[in-house]
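Inspection log for the structure reproduced underneath, given as structure tokens.
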Amino acid sequence: MTTLLAPHTKDLGGFTVRRLLPAQARRMIGPFVFFDHMGPAEFAAGQGIDVRPHPHIGLATVTYLFEGALMHRDSLGSVQRIEPGDVNWMTAGRGIVHSERSDVGERARGHRLHGIQTWIGLPRADEQSDASFVHVPKAALPVIHAPGVSLRLIVGDALGARAPTPSYSPIFYLAGEFDAGARFTLPPEHAERGIYLVDGAIAVDGAPLAPQHVLALDPGASVEIVADTASTVMLFGGAALDGERHLWWNFVASSRELIDEAKARWSAQQMGQVAGETEFIPLPPK
């Protein structure tokens, strides 16, 4: 039985996102533990996004933009601008600190921002690994073409292609552009799959999917996606994680003990710093 997941809004410090995962009906789809749709947002000159330095453990963050640009900085010393079609993959492992802010130039003249950020849970064998950061430019990502359909493979394996982005478990993540009238069959290559309609109008096996909703699919069956109008669609999923995951604030872990340890290290400011940034966000009260 398919499951429909509706968005709920979250304020990330003056910037609102639509959050699809985790949801009450479905906490994860494959290794995807968070799924946030940010924007499209319009910033006037002098304004921008400022996600202050904050920590992560036990996950990888994936940033993919449709419009605008962001500057990523982390405690490894990485400084990377991301633009539409690129991928930023940050493996937190045992712990990393990062910030994301509007570029100085965009902030000065005003800009739009639109994209998707996801968290990928790491297998138990990798959740305490060393942190790392990889930027994959748009030109390096495979693009799969079908009549009226273009699918950029952000991470993992799908439809005979493999992305150069790092991955730790079976996963796929596609950004699709559909022309009006296009038809595409998504095969059951992965155990768990989700479809997210960014914008436009599509039907999945004849049933319309509301914009900004996720449809979690049944395993083992192909589904047909038909676009009534030009549409942007994210297809994602993979193998389920190896056991339960605990989520608390920005931490994901296979045990509460790992989260408690991370909380203590962050409170003691022992998880690293982003060069040139001195802001500190204390642990939330709950």
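Values computed for the structure shown
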{"read-out": "Number of positions in the stretch 198-218 that are under 19 Å from ASP36 (Cβ atoms), of a type in the set (A, V, I, L, M) and open to solvent by 30 Å² or more (accessible area, probe 1.4 Å)", "value": "1"}
{"read-out": "All positions within the stretch 1-12 that are more than 15 Å from the chain's Cα centre (by Cα) and either modelled with pLDDT of 95 or more or exposed (fewer than 11 other Cβ atoms within 10 Å of the Cβ) (or both)", "value": "MET1, THR3, LEU4, LEU5, ALA6, THR9, ASP11"}
{"read-out": "Matching residues, the stretch 98-141, being touching a Ser or Thr at 6+ places or on another chain (Cβ under 8 Å), under 19 Å from GLU277 (Cβ atoms) and assigned to a loop (DSSP other than H, G, I, E, B)", "value": "ALA131"}
{"read-out": "Counted residues, the stretch 13-51 - those being surrounded by 15 or more Cβ atoms within 10 Å (Cβ to Cβ), in contact (Cβ under 8 Å) with a residue 60 or more places away in the chain and part of a strand (DSSP E or B)", "value": "15"}
{"read-out": "Test for GLY156: is it under 30 Å from GLY95 (Cβ atoms) and loosely packed, with under 14 Cβ neighbours inside 10 Å", "value": "no"}
{"read-out": "Counted residues, the stretch 243-270 - those being assigned to a loop (DSSP other than H, G, I, E, B), in contact with a His (Cβ under 9 Å, 6 or more places away or on another chain) and surrounded by 18 or more Cβ atoms within 10 Å (Cβ to Cβ)", "value": "2"}
{"read-out": "Answer residue from the stretch 62-114, given it is open to solvent by less than 10 Å² (accessible area, probe 1.4 Å) and at positive phi and is farthest from the chain's Cα centre (by Cα) among those", "value": "GLY93"}
{"read-out": "Verdict on GLY237 being touching a Lys or Arg at 6+ places or on another chain (Cβ under 7 Å), among the small types (Gly, Ala, Ser) and either modelled with pLDDT of 95 or more or not in a loop (DSSP other than H, G, I, E, B) (or both)", "value": "yes"}
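Residue by residue, here is whether (1) more than 25 Å from GLY77 (Cβ to Cβ); (2) modelled with pLDDT of 95 or more; (3) touching a strand residue (DSSP E or B) at 6+ places or on another chain (Cβ under 6 Å) holds:
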position	(1), (2), (3)
SER222	yes, yes, yes
SER231	yes, yes, yes
PHE251	no, yes, yes
THR278	no, no, no
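The values are calculated or read from the model by the stated rules, or taken from the named source; none is laboratory data. Predicted, not measured: the structure shown is a model, and the values here were computed from it. FYI the Cβ positions are ideal-geometry reconstructions off the backbone, even for glycines, and counts take in every protein chain you see. All accessible areas refer to the heavy atoms of the entire protein, side chains included, with ligands and DNA or RNA removed. Shrake-Rupley method; radii C 1.70, N 1.55, O 1.52, S 1.80 Å.
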